[in-house]
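Here the structure is laid out as structure tokens; the discussion comes afterwards.
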Amino acid sequence: MSAFCDGCDHHKDGFTMWMAGGGIKAGMDHGATDDFWFRAVVDPVHVHDLQATILHLLGIDHERRTYRFQGRDFRLTDVSGNVVKAVLA
């Protein structure tokens, strides 16, 4: 899974994550980086989407874990994040 993360200091525009079991499709690739492995260019996944997907696989609805603090909504995936259904078995 190639992803990108605003605010990360190391390879923030493209990194690779290996996932197996627990509801992930076997033997597949999702996304790709450029020829220099620097930037996600095919089906990029934001870190909030990655977190939402992992929480979903753990049986946690990331949208229900929302709380308001100092006038702003917060949750484990900030105020965004969508489950990446393409990687689910």
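In the set 4, 38, only one residue is modelled with pLDDT under 80, more than 19 Å from residue 56 (Cα to Cα) and touching a Gly at 6+ places or on another chain (Cβ under 8 Å); that residue is 4.
Name every residue in the stretch 39-59 that is surrounded by fewer than 13 Cβ atoms within 10 Å (Cβ to Cβ) and either of a type in the set (Phe, Trp, Tyr) or free of Cβ contacts under 8 Å to residues at least 40 places away in the same chain (or both), in order of residue number. Of everything in the stretch 39-59, those that are surrounded by fewer than 13 Cβ atoms within 10 Å (Cβ to Cβ) and either of a type in the set (Phe, Trp, Tyr) or free of Cβ contacts under 8 Å to residues at least 40 places away in the same chain (or both) turn out to be 58, 59. Residues of the stretch 60-89 being of a type in the set (Asp, Glu) and in contact (Cβ under 8 Å) with a residue 24 or more places away in the chain, which ones? Listed by number, the list holds a single entry, 78.
Of all the criteria given as (1) modelled with pLDDT of 80 or more; (2) more than 19 Å from residue 87 (Cα to Cα); (3) assigned to a loop (DSSP other than H, G, I, E, B), the one not satisfied by residue 12 is (1).
Looking at the stretch 78-86, can you tell me whether even one residue there is modelled with pLDDT of 90 or more, buried (at least 18 other Cβ atoms within 10 Å of the Cβ) and within 14 Å of the chain's Cα centre (by Cα)? Yes: one or more hits. For the stretch 33-47, taking the residues that are within 15 Å of residue 85 (Cβ to Cβ) and of a type outside the set (A, V, I, L, M, F, W, C), the one that is farthest from the chain's Cα centre (by Cα) is identified as 43.
The values are calculated or read from the model by the stated rules, or taken from the named source; none is laboratory data. Predicted, not measured: the structure shown is a model, and the values here were computed from it. Backbone-built Cβ (ideal geometry, glycine too); neighbour counts: all protein chains shown.
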